[in-house]
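The structure under discussion appears below in the form of C-alpha coordinates.
The values are calculated or read from the model by the stated rules, or taken from the named source; none is laboratory data. All values derive from a computational prediction rather than experimental measurement. Note that we place each Cβ from the backbone using ideal geometry, even for glycine, and neighbour counts take in every protein chain shown. Accessible surface areas use protein heavy atoms only, side chains included; no ligands, DNA or RNA. Shrake-Rupley method; radii C 1.70, N 1.55, O 1.52, S 1.80 Å.
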Amino acid sequence: MEIITDVNLMQQRCLSAREQGRRIAFVPTMGYLHAGHRSLLEEGRRRGELLVLSIFVNPTQFGQGEDFESYPRDLTSDAGLAEAAGVDLIFAPEARDMYPPGYATYVDVEGLTDTLCGRSRPGHFRGVTTVVTKLFTIVQPHLALFGCKDFQQLAVIRRMTGDLNLPVEIVGMPIVREADGLAMSSRNVYLSKSERSQALALVDALRLAGRLARGGESSAAAIIEAVRRRIVSEPDAGIDYIQICRKDSLEDQPVIGRDSVLLLAVKIGKTRLIDNAYLFEEV
Ligand code: AMP
(Lines give C-alpha, C1' and ligand atoms only; values in the text may rest on other atoms or scores of the structure.)
Protein backbone atom coordinates (compact mmCIF):
# COMPACT_ATOMS: atom_id res chain seq x y z
CA MET A 1 0.00 0.00 0.00
CA GLU A 2 1.21 3.47 -0.84
CA ILE A 3 0.16 6.88 0.48
CA ILE A 4 0.24 9.64 -2.12
CA THR A 5 -0.28 13.30 -1.31
CA ASP A 6 0.71 14.83 -4.65
CA VAL A 7 -2.30 15.51 -6.92
CA ASN A 8 -0.44 15.14 -10.23
CA LEU A 9 1.38 11.98 -9.18
CA MET A 10 -1.92 10.45 -8.08
CA GLN A 11 -3.56 11.27 -11.38
CA GLN A 12 -0.63 9.83 -13.38
CA ARG A 13 -0.74 6.61 -11.35
CA CYS A 14 -4.44 6.20 -11.93
CA LEU A 15 -4.32 7.10 -15.61
CA SER A 16 -1.62 4.50 -16.21
CA ALA A 17 -3.54 1.86 -14.20
CA ARG A 18 -6.53 2.55 -16.45
CA GLU A 19 -4.36 2.28 -19.55
CA GLN A 20 -3.24 -1.13 -18.35
CA GLY A 21 -6.93 -2.08 -18.19
CA ARG A 22 -7.12 -2.29 -14.41
CA ARG A 23 -10.57 -1.71 -12.94
CA ILE A 24 -10.32 1.09 -10.35
CA ALA A 25 -12.62 1.03 -7.31
CA PHE A 26 -12.69 4.23 -5.28
CA VAL A 27 -13.86 5.06 -1.76
CA PRO A 28 -13.82 8.79 -0.93
CA THR A 29 -13.76 9.62 2.80
CA MET A 30 -12.77 12.28 5.30
CA GLY A 31 -10.79 9.71 7.29
CA TYR A 32 -11.00 8.67 10.94
CA LEU A 33 -12.07 5.35 9.54
CA HIS A 34 -14.51 2.94 11.18
CA ALA A 35 -16.36 -0.23 10.24
CA GLY A 36 -18.75 1.72 7.98
CA HIS A 37 -15.84 2.86 5.83
CA ARG A 38 -14.38 -0.66 6.03
CA SER A 39 -17.52 -2.18 4.50
CA LEU A 40 -17.16 0.18 1.52
CA LEU A 41 -13.50 -0.76 1.15
CA GLU A 42 -14.24 -4.49 1.33
CA GLU A 43 -16.88 -4.20 -1.38
CA GLY A 44 -14.49 -2.10 -3.46
CA ARG A 45 -11.84 -4.79 -3.01
CA ARG A 46 -14.27 -7.42 -4.32
CA ARG A 47 -15.33 -5.36 -7.32
CA GLY A 48 -12.10 -3.66 -8.38
CA GLU A 49 -8.52 -4.53 -9.27
CA LEU A 50 -6.97 -1.33 -7.92
CA LEU A 51 -8.55 -0.11 -4.69
CA VAL A 52 -8.13 3.59 -3.99
CA LEU A 53 -9.11 5.33 -0.75
CA SER A 54 -9.07 9.09 -0.43
CA ILE A 55 -8.76 10.79 2.93
CA PHE A 56 -9.47 14.49 2.72
CA VAL A 57 -11.28 16.70 5.19
CA ASN A 58 -12.74 18.93 2.53
CA PRO A 59 -12.94 22.55 3.72
CA THR A 60 -15.50 23.62 1.09
CA GLN A 61 -18.22 21.37 2.49
CA PHE A 62 -18.05 22.87 5.99
CA GLY A 63 -19.99 26.02 6.81
CA GLN A 64 -19.00 28.90 9.09
CA GLY A 65 -19.00 27.73 12.70
CA GLU A 66 -19.03 24.03 11.75
CA ASP A 67 -16.40 21.52 12.88
CA PHE A 68 -13.79 21.71 10.09
CA GLU A 69 -10.95 22.54 12.51
CA SER A 70 -11.93 20.00 15.15
CA TYR A 71 -12.95 17.18 12.77
CA PRO A 72 -11.08 14.07 14.03
CA ARG A 73 -7.96 13.08 12.08
CA ASP A 74 -5.64 10.07 12.51
CA LEU A 75 -3.77 9.08 9.37
CA THR A 76 -1.65 6.45 11.14
CA SER A 77 -4.62 4.48 12.39
CA ASP A 78 -6.46 5.01 9.08
CA ALA A 79 -3.49 3.55 7.18
CA GLY A 80 -3.62 0.43 9.38
CA LEU A 81 -7.33 -0.13 8.74
CA ALA A 82 -6.86 0.59 5.02
CA GLU A 83 -3.97 -1.86 4.68
CA ALA A 84 -5.98 -4.59 6.42
CA ALA A 85 -8.91 -3.93 4.05
CA GLY A 86 -6.64 -4.40 1.02
CA VAL A 87 -6.30 -0.78 -0.13
CA ASP A 88 -3.63 -0.28 -2.82
CA LEU A 89 -3.39 3.51 -2.82
CA ILE A 90 -4.36 6.12 -0.27
CA PHE A 91 -4.76 9.61 -1.68
CA ALA A 92 -4.36 12.17 1.10
CA PRO A 93 -3.94 15.59 -0.49
CA GLU A 94 -3.46 18.93 1.24
CA ALA A 95 -6.27 21.49 1.03
CA ARG A 96 -3.86 24.04 -0.52
CA ASP A 97 -3.17 21.64 -3.40
CA MET A 98 -6.85 20.81 -4.00
CA TYR A 99 -7.84 24.48 -3.81
CA PRO A 100 -4.79 26.56 -4.75
CA PRO A 101 -4.99 30.36 -4.66
CA GLY A 102 -7.32 31.57 -7.40
CA TYR A 103 -9.42 28.40 -7.35
CA ALA A 104 -12.81 29.39 -8.85
CA THR A 105 -14.75 26.37 -10.14
CA TYR A 106 -17.69 24.67 -8.40
CA VAL A 107 -20.26 22.01 -9.26
CA ASP A 108 -23.83 22.60 -8.13
CA VAL A 109 -26.72 20.12 -8.25
CA GLU A 110 -30.05 21.96 -8.17
CA GLY A 111 -33.31 20.80 -6.59
CA LEU A 112 -32.18 17.78 -4.60
CA THR A 113 -29.90 20.00 -2.53
CA ASP A 114 -32.67 22.44 -1.52
CA THR A 115 -34.08 20.18 1.19
CA LEU A 116 -32.94 18.21 4.29
CA CYS A 117 -29.21 18.80 4.99
CA GLY A 118 -29.04 21.21 2.05
CA ARG A 119 -31.46 23.52 3.83
CA SER A 120 -29.70 23.45 7.19
CA ARG A 121 -26.15 23.45 5.77
CA PRO A 122 -26.16 25.97 2.89
CA GLY A 123 -23.26 25.36 0.51
CA HIS A 124 -22.51 21.92 1.96
CA PHE A 125 -23.48 19.91 -1.11
CA ARG A 126 -21.77 22.35 -3.46
CA GLY A 127 -18.58 21.52 -1.56
CA VAL A 128 -19.30 17.80 -1.73
CA THR A 129 -20.12 17.69 -5.44
CA THR A 130 -17.14 19.87 -6.27
CA VAL A 131 -14.66 17.73 -4.36
CA VAL A 132 -16.15 14.46 -5.63
CA THR A 133 -15.89 15.73 -9.22
CA LYS A 134 -12.26 16.70 -8.64
CA LEU A 135 -11.51 13.34 -6.98
CA PHE A 136 -13.17 11.45 -9.86
CA THR A 137 -11.01 13.39 -12.31
CA ILE A 138 -7.85 12.66 -10.35
CA VAL A 139 -8.58 9.00 -9.50
CA GLN A 140 -10.37 8.04 -12.76
CA PRO A 141 -12.42 5.33 -11.05
CA HIS A 142 -14.60 2.80 -12.86
CA LEU A 143 -16.75 2.58 -9.74
CA ALA A 144 -17.11 4.59 -6.54
CA LEU A 145 -18.71 3.43 -3.30
CA PHE A 146 -20.77 5.60 -0.96
CA GLY A 147 -22.73 4.85 2.20
CA CYS A 148 -26.52 5.16 2.51
CA LYS A 149 -25.85 6.72 5.91
CA ASP A 150 -25.50 9.95 3.92
CA PHE A 151 -28.68 9.24 1.99
CA GLN A 152 -29.08 12.67 0.43
CA GLN A 153 -25.40 12.82 -0.50
CA LEU A 154 -25.75 9.54 -2.38
CA ALA A 155 -28.84 10.81 -4.24
CA VAL A 156 -27.04 14.05 -5.13
CA ILE A 157 -23.95 12.20 -6.38
CA ARG A 158 -26.04 9.83 -8.48
CA ARG A 159 -27.79 12.82 -10.03
CA MET A 160 -24.52 14.64 -10.68
CA THR A 161 -22.91 11.56 -12.22
CA GLY A 162 -25.89 11.06 -14.51
CA ASP A 163 -26.30 14.72 -15.43
CA LEU A 164 -22.60 15.17 -16.24
CA ASN A 165 -22.29 11.77 -17.99
CA LEU A 166 -19.41 10.86 -15.72
CA PRO A 167 -18.26 7.32 -16.63
CA VAL A 168 -18.36 6.12 -13.02
CA GLU A 169 -20.65 3.45 -11.58
CA ILE A 170 -22.03 4.66 -8.23
CA VAL A 171 -22.50 1.90 -5.64
CA GLY A 172 -24.60 2.57 -2.52
CA MET A 173 -23.80 0.54 0.60
CA PRO A 174 -25.96 -0.19 3.67
CA ILE A 175 -25.55 1.67 6.97
CA VAL A 176 -23.18 -0.05 9.39
CA ARG A 177 -24.25 0.29 13.03
CA GLU A 178 -22.72 -0.24 16.45
CA ALA A 179 -23.98 -3.30 18.35
CA ASP A 180 -26.61 -1.15 20.08
CA GLY A 181 -27.84 0.35 16.81
CA LEU A 182 -26.13 3.75 16.69
CA ALA A 183 -25.06 4.47 13.10
CA MET A 184 -21.27 4.55 12.92
CA SER A 185 -19.85 8.00 12.31
CA SER A 186 -16.48 9.66 12.77
CA ARG A 187 -18.37 12.34 14.71
CA ASN A 188 -19.50 9.87 17.39
CA VAL A 189 -16.18 10.54 19.20
CA TYR A 190 -17.53 13.98 20.11
CA LEU A 191 -20.25 12.42 22.29
CA SER A 192 -19.89 12.34 26.07
CA LYS A 193 -21.06 9.20 27.86
CA SER A 194 -24.50 10.66 28.55
CA GLU A 195 -24.79 11.99 24.98
CA ARG A 196 -23.75 8.62 23.58
CA SER A 197 -26.69 6.96 25.29
CA GLN A 198 -29.08 9.78 24.30
CA ALA A 199 -27.93 9.34 20.69
CA LEU A 200 -29.72 5.99 20.64
CA ALA A 201 -32.92 8.02 20.32
CA LEU A 202 -32.25 8.27 16.57
CA VAL A 203 -32.22 4.53 15.85
CA ASP A 204 -34.97 4.00 18.39
CA ALA A 205 -37.13 6.55 16.59
CA LEU A 206 -36.44 4.91 13.21
CA ARG A 207 -37.52 1.55 14.65
CA LEU A 208 -40.64 3.08 16.19
CA ALA A 209 -41.56 4.66 12.85
CA GLY A 210 -41.05 1.35 11.06
CA ARG A 211 -43.34 -0.43 13.51
CA LEU A 212 -46.04 2.22 13.01
CA ALA A 213 -45.76 2.03 9.22
CA ARG A 214 -45.83 -1.75 9.14
CA GLY A 215 -48.75 -1.68 11.59
CA GLY A 216 -50.79 0.28 9.05
CA GLU A 217 -50.19 3.95 9.86
CA SER A 218 -49.98 5.75 6.52
CA SER A 219 -49.92 9.40 7.61
CA ALA A 220 -46.42 10.86 7.48
CA ALA A 221 -47.48 13.61 9.90
CA ALA A 222 -48.57 11.04 12.51
CA ILE A 223 -45.32 9.08 12.18
CA ILE A 224 -43.23 12.24 12.31
CA GLU A 225 -45.04 13.36 15.46
CA ALA A 226 -44.33 10.04 17.18
CA VAL A 227 -40.67 10.31 16.15
CA ARG A 228 -40.50 13.89 17.39
CA ARG A 229 -41.86 12.90 20.79
CA ARG A 230 -39.33 10.09 21.13
CA ILE A 231 -36.43 12.38 20.27
CA VAL A 232 -37.39 15.31 22.48
CA SER A 233 -37.64 12.92 25.43
CA GLU A 234 -33.83 13.19 25.56
CA PRO A 235 -32.73 16.29 27.48
CA ASP A 236 -29.86 17.26 25.17
CA ALA A 237 -31.56 16.51 21.83
CA GLY A 238 -32.35 19.30 19.38
CA ILE A 239 -34.16 18.42 16.16
CA ASP A 240 -32.82 19.82 12.91
CA TYR A 241 -35.28 17.89 10.71
CA ILE A 242 -37.50 14.84 10.65
CA GLN A 243 -38.82 14.17 7.15
CA ILE A 244 -40.42 11.36 5.22
CA CYS A 245 -39.39 11.52 1.60
CA ARG A 246 -39.67 9.60 -1.65
CA LYS A 247 -36.34 7.80 -2.04
CA ASP A 248 -35.24 9.14 -5.44
CA SER A 249 -36.67 12.65 -5.66
CA LEU A 250 -36.43 13.35 -1.90
CA GLU A 251 -39.83 15.05 -2.13
CA ASP A 252 -41.89 15.11 1.06
CA GLN A 253 -44.45 12.32 1.06
CA PRO A 254 -47.61 13.08 3.09
CA VAL A 255 -48.95 9.56 2.58
CA ILE A 256 -46.24 6.96 2.95
CA GLY A 257 -45.48 4.26 0.39
CA ARG A 258 -43.05 1.41 -0.24
CA ASP A 259 -40.42 3.93 -1.36
CA SER A 260 -40.64 6.10 1.76
CA VAL A 261 -37.49 6.97 3.64
CA LEU A 262 -37.47 8.59 7.05
CA LEU A 263 -34.54 10.96 7.41
CA LEU A 264 -33.39 12.50 10.67
CA ALA A 265 -30.86 15.14 11.64
CA VAL A 266 -30.61 15.71 15.36
CA LYS A 267 -28.14 17.55 17.52
CA ILE A 268 -27.17 15.76 20.70
CA GLY A 269 -25.51 18.51 22.68
CA LYS A 270 -23.23 20.15 20.10
CA THR A 271 -22.90 17.07 17.87
CA ARG A 272 -25.07 16.88 14.78
CA LEU A 273 -26.01 13.30 13.88
CA ILE A 274 -27.91 11.99 10.86
CA ASP A 275 -29.62 8.66 10.27
CA ASN A 276 -32.28 7.23 8.01
CA ALA A 277 -34.23 4.11 7.15
CA TYR A 278 -36.80 2.81 4.71
CA LEU A 279 -40.06 2.60 6.63
CA PHE A 280 -40.81 -0.91 5.41
CA GLU A 281 -37.42 -2.39 6.18
CA GLU A 282 -36.26 -3.45 9.63
CA VAL A 283 -33.37 -1.50 11.15
P1 AMP B 1 -17.17 10.37 5.64
O2 AMP B 1 -15.75 10.01 5.95
O3 AMP B 1 -18.02 10.57 6.83
O4 AMP B 1 -17.26 11.48 4.62
O5 AMP B 1 -17.79 9.10 4.92
C6 AMP B 1 -17.18 8.51 3.80
C7 AMP B 1 -18.12 7.51 3.20
O8 AMP B 1 -18.41 6.49 4.17
C9 AMP B 1 -19.46 8.10 2.78
O10 AMP B 1 -19.87 7.51 1.55
C11 AMP B 1 -20.36 7.72 3.92
O12 AMP B 1 -21.72 7.61 3.55
C13 AMP B 1 -19.80 6.35 4.29
N14 AMP B 1 -20.18 6.03 5.66
C15 AMP B 1 -20.00 6.78 6.77
N16 AMP B 1 -20.53 6.19 7.85
C17 AMP B 1 -21.09 5.03 7.42
C18 AMP B 1 -21.81 3.96 8.04
N19 AMP B 1 -22.07 3.96 9.34
N20 AMP B 1 -22.21 2.93 7.27
C21 AMP B 1 -21.95 2.91 5.94
N22 AMP B 1 -21.28 3.88 5.29
C23 AMP B 1 -20.86 4.92 6.01
> Within the group Asp236, Asp259, which residue is out of contact with any Cys (no Cβ under 6 Å at 6 or more places or on another chain), within 30 Å of Leu191 (Cβ to Cβ) and surrounded by 14 or more Cβ atoms within 10 Å (Cβ to Cβ)?
Replying inline: Asp236
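Test Lys267 against the criterion of being touching an Asp or Glu at 6+ places or on another chain (Cβ under 8 Å) and within 16 Å of the ligand (Cβ to nearest atom), and give yes or no. Step through it out loud before you land on a result.
Numbers: touching an Asp or Glu at 6+ places or on another chain (Cβ under 8 Å): yes; within 16 Å of the ligand (Cβ to nearest atom): no.
Taking the combined requirement at face value, the residue does not satisfy it.
Could you check region 96-115 and list, in sequence order, the residues that are among the hydrophobic types (A, V, I, L, M, F, W, C) and open to solvent by less than 40 Å² (accessible area, probe 1.4 Å)? I'd like the intermediate steps shown before the answer.
Pass one, region 96-115, residues among the hydrophobic types (A, V, I, L, M, F, W, C): 98, 104, 107, 109, 112.
Residues satisfying the conditions are Met98, Val107, Val109, Leu112.
Take Pro141 and decide whether it is at pLDDT 95 or above and surrounded by 15 or more Cβ atoms within 10 Å (Cβ to Cβ). So that I can check it myself, show each step before the final result.
Working: at pLDDT 95 or above: yes; surrounded by 15 or more Cβ atoms within 10 Å (Cβ to Cβ): yes.
In short, yes.
Of the residues Gly118, Gly181, Gly172, which is open to solvent by less than 40 Å² (accessible area, probe 1.4 Å), more than 24 Å from Met10 (Cα to Cα), assigned to a loop (DSSP other than H, G, I, E, B) and not polar (S, T, N, Q)?
On the way: Gly118 fails: assigned to a loop (DSSP other than H, G, I, E, B); Gly172 fails: assigned to a loop (DSSP other than H, G, I, E, B).
Sole residue among the options that is open to solvent by less than 40 Å² (accessible area, probe 1.4 Å), more than 24 Å from Met10 (Cα to Cα), assigned to a loop (DSSP other than H, G, I, E, B) and not polar (S, T, N, Q): Gly181.
Looking at Gly80, Gly102, can you tell me which residue is out of contact with any Pro (no Cβ under 9 Å at 6 or more places or on another chain) and in a helix (DSSP H, G or I)?
Working: Gly102 fails: in a helix (DSSP H, G or I).
Exactly one residue qualifies, and that residue is Gly80.
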> Of everything in region 29-41 that's open to solvent by 30 Å² or more (accessible area, probe 1.4 Å) and not in a helix (DSSP H, G or I), which residue is nearest to the ligand (Cβ to nearest atom)?
Replying inline: Met30
>> Which numbered condition in (1) more than 25 Å from Pro100 (Cβ to Cβ); (2) outside any loop (DSSP other than H, G, I, E, B) is the only one that Arg22 fails?
In response: (2)
